[in-house]
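Reading through the structure tokens given below for one structure.
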Amino acid sequence: MTALLALDKVDADYGPTTVLRGVTLEVPDGGMVALLGANGAGKTTTLRAICHMGVKTRGAIRFAGKRIDGMPTESIVRLGIGHVPEGRGTFLSLSVEENLKLGAMMRRDRGIAADVARICDYFPVLRERMDQQAGTLSGGEQQMLAIARALMGKPRLLLLDEPSFGLAPVLVQEIFRILRVINKEERMSMLLVEQNARLALDLVSQVFLLETGRVVASGPPQQIAADETVRRAYLGQ
Amino acid sequence: MTVQTFLHQVLSGLADGSLYAAIALALVMIFKATHQVNFAQGEMAMFSTFVAYTLCGAGVPYWIAFLITLAFSFVFGVAVQRTIVQWLTRLPHASELTAVVVFIGLLVVFNGTAGLIWGYTNKEFPSPFDQKAWYGSTYLNPHEVGMIGVTLIVLGIVFAFFRFTRLGLAMRAAAENPQSSRLAGIRVGWMLALGWGLAALLGSIAGMMAAPKLFLDPNLMGGVILYGFAAALLGGIDNPWGAPIGGFIVGVLVNLGGAYVVGSHLQQTLALGVIVAVLVFKPSGLFGRTVVVRV
């Protein structure tokens, strides 16, 4: 399997504070990978480093074989990386429909209206809310909107920053089910950051475990889940 | 006080208000995008008006000179953003006060440069509207009617642009949430520059409409920008719909106040009064919008 995304010994810092130290990880084409770890381990920073959002990085980041580290965020996402950011990044004063159209802003083809309809098949609640101001949506609806917005850009790789954050368990199950369907049907690769380790382990084929900015373990989820020290230290089981 | 003179004051207040409306919208567009107040907005408009003056003096037909001036102003606004404003935002310790000082500096530079090139004597600036046109009346002369008409048409086009085009949507998005916009592949820096270009274009229209009435000199927009600030604050500094309405209200208020209360010499004081009153009693302005947020 070739890697769609590859980080090779990446350091990242916010000004004087170094957050990532030599992170090396890969997301295979069509694969689903989880990035686990405690609060402050550097999960969000890893996603931000990939998109060059407010962090300085050293080391090589490759997407589809091409070096992307140091490129401006706009150019990186245009290569085919969708980022569902921490906090969801909703355009609160704009309508749901405008939010979705913004997700497709980098596209020049004529299939945008059809894609709005197709993506609303995944998230039917968005169809009901189409003309509503996005700031009036509930947290769960905004999370769906954030994923839908990223999908509108037809990315090859989706970066998801804690899609379960603040949501009711039923809703989390639903969102994870949809992510699995999208991964299968559209062969979209995903890199998932999660606090909810158990759910993530069910979903993905590869896990990287971060601790204070370093990758301390990696492997298939069964192996990670079976490792006694890992379980006790990071998975809370 | 007769009904006729009162009506005349109200209507010519609306005509003047159209200038303030255009300038206020220009100020609000930039404020919404970057939370900066462009104190040089009026001087940029004045500079553009001198460009139109030079073109007209060279024999270019009015409306062609008008369009060339719009294009010049747009490019001028984009250039100022891409160079000075962008440099300003990259300064390591820039605060809001730094921006204020830089924009006041720009005001002085544009004012002085215009004086250097064109001198400080009053110049007559042509009106595109025939003095004896049918739409003139005892209440409003044709130029005043034309001012209102041009402003309303331009405001309509600007709002349609923001509401119905992809680029307009991208610009609104970049103003609301730059980070999410970047993640959607929007080139936020250029969106801000386009906003500056559009604001300068709006300002130049106000300048070209003001000049036949006020005569052209480097201090053409000194009063207009003051009323424009009052209008922007009254309408709600972050509400593009409120700005033009604020402009028309300030126009009428200042005209009536000048005619019946304080006299024409103290008219500008009324604008300051409006500014202070808004800041004290309703800082969000008459139409200041609150975004509904559920957490």
Next item on the list: Kindly give Rg over Rh for segment B:91-143, based on alpha-carbon atoms, with the Kirkwood expression for the hydrodynamic radius.
Entry: 1.33
Next item on the list: Could you work out, residue by residue across A:93-100, how many beta carbons of other chains sit within 10 Å of that residue's beta carbon, and then give the average as an integer?
Entry: 3
Note to self: Out of all DSSP beta bridges in the protein assembly as shown, what portion is antiparallel? Express it as a percent rounded to 5.
What the structure shows: 55 percent
Next item on the list: Classify segment B:33-130 as rounded, prolate or oblate, taking a ≥ b ≥ c as the square roots of the eigenvalues of its Cα gyration tensor: rounded when a/c is under 1.5, otherwise prolate if a/b is larger than b/c and oblate if not.
Entry: prolate
Next item on the list: Could you compute the FRET efficiency for A:Thr229 and A:Thr136, with r as their C-beta to C-beta distance and R0 at 56 Å, rounded to 0.05?
Entry: 0.75
Margin query: If every alpha-carbon in segment B:36-86 counts as one equal scatterer, what log10 I(q)/I(0) does Debye give at q = 0.15, 0.17, 0.20, 0.30 1/Å?
Written below: -0.44, -0.54, -0.69, -1.11
Next item on the list: Using only Cα atoms, locate the centre of segment B:110-161 and the centre of segment A:1-27, then give the distance between them in Å, rounded to an integer.
Entry: 59 Å
Checklist line | Taking all pairs of distinct alpha-carbon atoms in the protein assembly as shown, Kirkwood radius in angstrom | finding: 25.9 Å
Note to self: At 1.4 Å probe size, what's the solvent-accessible area of A:Ser75? Round to the nearest 10 Å².
What the structure shows: 30 Å²
Notebook entry, point to check: In chain A, which helices (entire DSSP H runs) extend 15 Å or more along their own long axis, judged by Cα positions, while averaging at least -0.5 on the Kyte-Doolittle scale?
Noted result: A:112-122, A:139-152, A:169-186
Check: For chain B, modelled as a GNM with alpha-carbon contacts under 10 angstrom, which of B:Pro244, B:Pro92, B:Pro218 fluctuates the most?
Finding: B:Pro92
Item checked: Whole-number Å³ per residue for the convex hull built on Cα positions in segment B:1-87 -> 131 Å³
Next item on the list: Based on a Kirkwood Rh over C-alpha pairs, give the Stokes-Einstein translational diffusion coefficient of segment B:183-295 at 25 °C and viscosity 0.890 mPa s in µm²/s.
Entry: 155 µm²/s
Margin query: Pairs of alpha-carbon atoms within less than 8 angstrom and 6+ residues apart define the contacts here; what relative contact order does chain B have, in percent?
Written below: 36 percent
Notebook entry, point to check: What is the P(r) of segment A:5-110, as percent of Cα-Cα pairs per 10 Å bin from 0?
Noted result: 13, 42, 32, 12, 1
Next item on the list: Give me the Kirkwood hydrodynamic radius of chain B, using the inverse of the mean 1/r over all pairs of distinct Cα atoms, in Å to one decimal.
Entry: 19.6 Å
Notebook entry, point to check: Given 5 Å bins starting at zero, what is the percent of C-alpha pairs of segment B:186-243 in each, up to the one with the largest pair distance?
Noted result: 4, 16, 19, 23, 19, 13, 5, 2, 0
Note to self: Suppose every Lys and Arg Cβ carries +1 and every Asp and Glu Cβ carries -1, with no other charges. What dipole size does the protein assembly as shown come out with about its Cα centre, to the nearest 20 debye?
What the structure shows: 840 debye
Margin query: Placing +1 on the Cβ of each Lys and Arg and -1 on the Cβ of each Asp and Glu in chain A, which of A:Ala49, A:Pro220, A:Val33 has its Cα farthest towards the positive end of the resulting dipole?
Written below: A:Ala49
Next item on the list: Beta carbons within 10 angstrom, averaged per residue: use that to sort the peptides A:49-60, B:183-194, highest first.
Entry: B:183-194, A:49-60
Check: On average, how much accessible surface per residue is there in segment A:1-59, in Å², for a 1.4 Å probe, leaving out ligands, DNA and RNA?
Finding: 40 Å²
Next item on the list: Keeping the other protein chains in place, figure out the carbon and sulfur percent of the accessible area of chain B, with a 1.4 Å probe.
Entry: 70 percent
Check: How many angstrom lie between the C-alpha centres of segment A:183-200 and segment B:56-106?
Finding: 47 Å
Check: How crowded by other chains is B:135-143, given as the mean number of beta carbons from other chains within 10 Å of each beta carbon?
Finding: 0
Check: Any idea how far the Cα center of segment A:160-178 sits from the one of segment A:37-63, in Å?
Finding: 22 Å
Item checked: Size of charge dipole - segment A:58-108 - debye, nearest 20, with Cβ of Lys, Arg +1 and Asp, Glu -1, no other charges -> 340 debye
Notebook entry, point to check: Which FRET efficiency, nearest 0.05, do B:Ile117 and A:Thr17 yield, Cβ-Cβ r, R0 51 Å?
Noted result: 0.50
Check: Looking at segment B:56-160, which trypsin sites (Lys or Arg not before Pro) are DSSP coil and have at most 13 other C-beta atoms within 10 Å of their C-beta?
Finding: B:Lys132
Next item on the list: Apply the Karplus parameterisation 6.51 cos²θ - 1.76 cosθ + 1.60, with θ equal to phi minus 60°, to every residue of segment A:85-95 and state each ³J(HN,Hα) to the nearest whole Hz, in sequence, with x for glycine and proline.
Entry: x, 4, x, 6, x, 5, 7, 5, 8, 9, 6
Checklist line | Ordering of B:261-271, A:129-139 by packing [mean C-beta count within 10 Å, highest first] | finding: A:129-139, B:261-271
Check: With respect to the cross-link table entries A:Lys66/B:Lys32; A:Lys43/B:Lys32; B:Lys32/B:Lys282; A:Lys66/A:Lys154, which display a Cα-Cα separation exceeding 25 Å?
Finding: A:Lys66/B:Lys32; A:Lys43/B:Lys32
Margin query: Taking every alpha carbon pair in chain A, what does the distance histogram look like in 5 angstrom bins from 0, in percent?
Written below: 1, 7, 14, 19, 20, 17, 12, 7, 3, 0, 0
Item checked: Per-residue mean of C-beta atoms belonging to partner chains within 10 Å, peptide A:102-109 -> 5
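The values are calculated or read from the model by the stated rules, or taken from the named source; none is laboratory data. Not measured: the values here are computed from a predicted model. Reconstructed Cβ throughout: ideal geometry from the backbone, glycine too, with neighbour counts over all protein chains shown. Only protein heavy atoms, including side chains, enter the accessible area calculation; ligands, DNA and RNA are left aside. Shrake-Rupley method; radii C 1.70, N 1.55, O 1.52, S 1.80 Å.
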